[in-house]
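Everything below concerns the one structure shown next.
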Amino acid sequence: GAVVSQHPSWVICKSGTSVKIECRSLDFQATTMFWYRQFPKQSLMLMATSNEGSKATYEQGVEKDKFLINHASLTLSTLTVTSAHPEDSSFYICSARRHQETQYFGPGTRLLVL
Amino acid sequence: KQEVTQIPAALSVPEGENLVLNCSFTDSAIYNLQWFRQDPGKGLTSLLLIQSSQREQTSGRLNASLDKSSGRSTLYIAASQPGDSATYLCAVGEFGGTSYGKLTFGQGTILTVHP
């Protein structure tokens, strides 16, 4: 149990376009979902925390107007990278947690902005 | 602000060796500590989770210890195999309040086990 999926697994887009990444908890209801970003050869950095039905809490230095997070249901959170630029190219990983349990991580989405 | 450091950054060993990966953190008020494995271009696989009240956890050839007072954890891998080659990440879970459960990751140790 406790499977988290992400879609798409990779995406290539032109600079200036917006990209939406989905994170789903397949077999449990996630009260909280987290979004991380990982640049090459670096560790995961938390971008934001989202609780179902409320606004996301962004980490310092993360632009909330650029990285739109929606957690509309207990099984789905979306991250939209608006007006993407090459510097947004990265590996985006989500995780999901039910109540006070551990986080379960998705397989990640690789974004390349040309 | 919690900071997590992993040493060494990279490690290359021959198959069969026992090895130790180190993780240190600056704030001892933690909820838990996890060790993850990440293969190139992939997501994270949770290896071991140690609650703040625990001293160690074991799973197969893996053993993780936690010393909260000194801000240290070690991951011990016995009889290493080429399939163990991956990046190993240590992550510390924050204790409470609005940051409850927030994970702070170390930079990782890249392990290569050669035949």
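Structure notes:
- In sequence order, region A:34-50 has phi-based couplings of 10, 10, 10, 10, 9, 7, x, 6, 10, 8, 7, 10, 5, 9, 6, 10, 10 Hz under the Karplus curve 6.51 cos²θ - 1.76 cosθ + 1.60, θ = phi - 60°, and Gly or Pro positions carry x.
- Simple point charges give the picture: +1 on the Cβ of Lys and Arg, -1 on the Cβ of Asp and Glu, and for region B:52-115 a dipole about the Cα centre of about 80 debye.
- Taking all Cα pairs closer than 8 Å and separated by 6 or more residues, the relative contact order of chain A comes to 37 percent.
- Annotation: amide H of B:D27 within the under-5 Å range of B:E3, sequence separation 5 or more or interchain, hydrogens built in the peptide plane.
- Neighbour counts of other Cβ atoms within 10 Å put B:I7, B:I110 in the fewest-to-most order B:I7, B:I110.
- By the beta-carbon count within 10 Å of each Cβ, the least crowded to most crowded order of B:T5, B:T58, B:T109, fewest first, is B:T58, B:T5, B:T109.
- For A:K66, A:K41, the sequence from fewest to most other C-beta atoms within 10 Å is A:K41, A:K66.
- Percent RCO, i.e. relative contact order, over chain B, from Cα pairs under 8 Å lying at least 6 residues apart: 36 percent
- Isolated cysteines of the protein assembly as shown, defined as having no other cysteine beta carbon under 4.7 Å away, are A:C13.
- Of A:M45, A:A96, A:S83, farthest towards positive along the dipole that unit charges on Lys, Arg, Asp, Glu beta carbons give chain A: A:S83
- Across region B:2-18, rounded Karplus estimates of 3J(HN,Hα) from the backbone phi angles (6.51 cos²θ - 1.76 cosθ + 1.60, θ = phi - 60°) give 5, 10, 10, 10, 10, 9, x, 6, 8, 8, 10, 9, x, 3, x, 6, 8 Hz, Gly and Pro being marked x.
The numbers here are math on the coordinates, done by the rules we state, and not lab data. All values derive from a computational prediction rather than experimental measurement. For neighbour counting, all protein chains shown are included, and Cβ atoms are generated from backbone atoms with ideal geometry for every residue, glycine included.
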